[in-house]
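Just below is one structure, and these are the notes that go with it.
Quick note: the coordinates plus some simple rules give every number you see, no bench work behind them. Everything quoted here is computed from the prediction, not taken from an experiment. When we count neighbours, we look across all protein chains shown, and the Cβ atoms used for this are built from the backbone with ideal geometry, even at glycine.
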Amino acid sequence: MIVFGSTLSPYVRKVMAFGAEKGLSLELQPAGMGRGGPDFEAASPFRKMPGFKDDDFLISDSSAIITYLEAKFPEPNLIPAEPRARARTIWYEELADTLMMAAGGAIFVNRFIRPRVLKVEADPVAAETAQRDLLPPIFDYLEGVIPVSGFLVEDRITLADIAIASPMATLGCIGVESCPERHPRLTAWAATILARPSFAGALQKDQELISAMGGPVPAQDAPRVGNGGKKS
Ligand SMILES: N[C@@H](CCC(=O)N[C@@H](CS)C(=O)NCC(=O)O)C(=O)O
């Protein structure tokens, strides 16, 4: 099975980590932002990553791919069957894919993708606004809901942990992390989830790639996430 894209995209990272937690071997082929080939374009008609191929089956969108993998390889189950746990798992996935990605995307695109990859003008104010105003309320919320078990749902690894950890991993690659003083539980949870083999290998390669490309453009005036908007 082939996943088209780059794990710098949290959507791609989510699919790769989900497959790894299931013990699947998913081959990652570079695609997106001008790269790819006929299979990627057939899988992803709007050229968004991830695309996916399993024999003659082609599809895109991380949630669609994960739905396919969960149905085809039900064990270990990563989307709970119990109705409330299942709904909460999808809530966390949606939180990651929508609100976290809106905040994280503005930061990552303007500190790394535009200046270092595309080499076009970036919008540092959009990045700083997202870091100051959009990310802290999400991190505050997560700080309040992470159970002592260290897993978001059913006291075991599920799609919920994988989905929320994925954008945090990408942001961590450019030095944007939760503040351990304000978000001790979230910070410890993220460190534990991202140390799992399903994340750790790709993460190290992504960090090396970002460094090799010059690292993120430093924030001009950005506060640490969660220190009340004060400069660190
Ligand atoms: N809802 C989609 C979102 C996919 C998406 O927006 N991917 C971004 C990368 S994070 C992308 O391919 N951007 C490149 C582009 O728009 O050309 C999913 O869950 O897979």
statement: Of the DSSP H helices in the chain, the ones reaching 20 Å or more along their long axis in Cα terms and averaging at least 0.0 in Kyte-Doolittle hydropathy are 159-173
- request: Would you work out the charge dipole size for the chain about its Cα centre, treating the Cβ of every Lys and Arg as +1 and the Cβ of every Asp and Glu as -1, and quote it to the nearest 20 debye?
  value: 540 debye
message: Projecting each Cα onto the charge dipole of the chain (Lys/Arg +1, Asp/Glu -1 at the beta carbon, about the Cα centre), which of G172, P74, A160 comes out farthest on the positive side?
response: G172
message: Taking the alpha-carbon distance from K48 and a cut-off under 20 Å, which aspartates and glutamates remain once sequence neighbours fewer than 8 residues away in the same chain are dropped?
response: E27, D39, D56, D61, E93, E94, D97, D206
query: In debye, nearest 20: dipole of the range 94-232 around its Cα centre with unit charges on the Cβ of K, R (+) and D, E (-)?
result: 380 debye
task: Count the DSSP beta bridges whose two residues both fall in the chain, then state the antiparallel fraction as a percent rounded to the nearest 5.
output: 65 percent
- prompt: With a 10 Å Cβ neighbour count serving as the proxy for reagent exposure, in which order, fewest first, do Y11, Y68 appear?
  reply: Y68, Y11
query: Label A102 and E82 with points 7 Å out from Cα along Cα→Cβ: what is the distance between them in nm?
result: 3.2 nm
task: May I have the extent of the alpha carbons of the chain along their three principal axes, as whole Å values ordered from largest to smallest?
output: 51, 43, 25
- request: Please work out how much length the chain gains when fully extended from V148 to L118, using 0.36 nm per residue of separation minus the C-alpha to C-alpha distance, in nm with one decimal.
  value: 6.6 nm
message: Please compute one quarter of the surface area of the Cα convex hull for the range 2-72 and express it in square nanometres.
response: 4.1 nm²
message: Using helices alone, I'd like the mean residue ellipticity at 222 nm for the chain: each DSSP H run of four-plus residues gives -39500 (n - 2.57), total over residue count, nearest 500.
response: -14000 deg cm²/dmol
statement: Looking only at aspartates and glutamates whose Cα falls under 12 Å of K22's and that sit 8 or more positions away or on another chain, we get E70, E75
Most positive-pole-ward Cα, P38, L209, P147, against dipole of the chain from beta carbon charges: L209
query: What is the extension gain from A126 to E181, computed as 0.36 nm multiplied by their sequence separation minus the C-alpha to C-alpha distance, in nm to one decimal?
result: 17.3 nm
